[in-house]
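Read the structure below first, then the notes.
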Amino acid sequence: MTKDDYNKKKYRSLKVKKSKRDIVVAVLGSSKAISTKKAYNYAFEVGEEIAKRKAVTLTGGGLGVMEAAHKGAKRRGGKTLAIIPWEDMSRVNDYSDFVVATGIGWSRDAINLNSCDGAIIVGGGAGTLNEATYGYMMGKPLVALTPSGGMAEALTNKYFDVRRTEYIYGANSPKTAVELVMKLISNEEKKKKGKKLNASDTSFKDIKTELNKNWKADKQPIKLDKK
């Protein structure tokens with residue numbers, strides 16, 4: 001095939017179905033070093049719930065909570081994305097479909113939050129706090145899985161500061177945590193597109209009622225405070 005043959009091709013005008021970006025939910029939590037068994041199990045079910053909603057599960061690609069969330073997502077046929085601090089793509093857990101090897105150390109926390117639509121906090125320590133703080137500064141929807149302990153429990157139903165940029169809502173089960181973050185993400189998308197939010201979108205009291213109605217199987221009702 002000659003150069004002239006390529007000049008005759010019309011790929012630029014070829015009609016191909018455009019991609020529709022999947023929703024990406026980050027799971028923030030500790031590595032194996034300080035992750036508890038309880039936090040691991042909660043993160044596994046969070047990954048399952050994210051996958052059930054056809055969203056992508058994003059983590060830092062390590063072990064502990066990060067591995068658990070990816071493992072749970074893969075059990076339900078979901079997609080997983082790992083954004084790791086190292087240069088070597090092989091330094092990642094066994095349940096990561098796509099790996100971004102940043103090579104910038106823990107500064108990659110910012111990339112994790114920039115690359116997601118919303119985040120769920122499961123357990124966690126200082127590193128998780130750093131990620132959650134960045135998410136707050138960027139106005140990302142944040143939900144803390146309260147009974148998982150650690151930073152999730154400490155940050156439940158709080159603002160980080162007087163700017164009140166983003167409220168961190170607490171949830172008492174993986175199912176309600178994922179459903180709530182998906183609802184918050186939907187609201188953000190509507191606002192970006194200039195769509196008017198209806199009463200059920202803007203009232204978190206209504207979200208609380210809706211969640212408790214839909215998931216009566218939860219042992220405890222989700223606890224949400226008004227803004």
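Assorted remarks:
- Filter result for the condition that a residue is of a type in the set (Gly, Ala, Ser) and either in a strand (DSSP E or B) or over 17 Å from Lys175 (Cβ atoms) (or both), over Ala26, Ala51: Ala26
- Residue that is modelled with pLDDT under 95 and either touching a Pro at 6+ places or on another chain (Cβ under 9 Å) or buried (at least 24 other Cβ atoms within 10 Å of the Cβ) (or both), where the choices are Ser35, Ser31, Ser19: Ser35
- Scanning region 76-120 for residues that are over 15 Å from the mean Cα position of the chain (by Cα), in contact (Cβ under 8 Å) with a residue 24 or more places away in the chain and not in a loop (DSSP other than H, G, I, E, B) turns up Ile84, Val99, Trp106, Arg108.
- When restricted to residues that are among the polar types (S, T, N, Q) and in a loop (DSSP other than H, G, I, E, B), region 121-151 contains 0.
- Segments classed as helices (runs of 4 or more DSSP H), wholly inside region 153-227, with at least 2 members that are of a type in the set (D, E, K, R) and at pLDDT 85 or above: 174-192
- Scanning region 147-176 for residues that are β-branched (Val, Ile, Thr) and either surrounded by fewer than 23 Cβ atoms within 10 Å (Cβ to Cβ) or touching a Cys at 6+ places or on another chain (Cβ under 9 Å) (or both) gives Thr156, Val162, Thr165, Ile168.
The values are calculated or read from the model by the stated rules, or taken from the named source; none is laboratory data. Just so you know, these numbers come straight off a predicted model, no measurement behind them. Backbone-built Cβ (ideal geometry, glycine too); neighbour counts: all protein chains shown.
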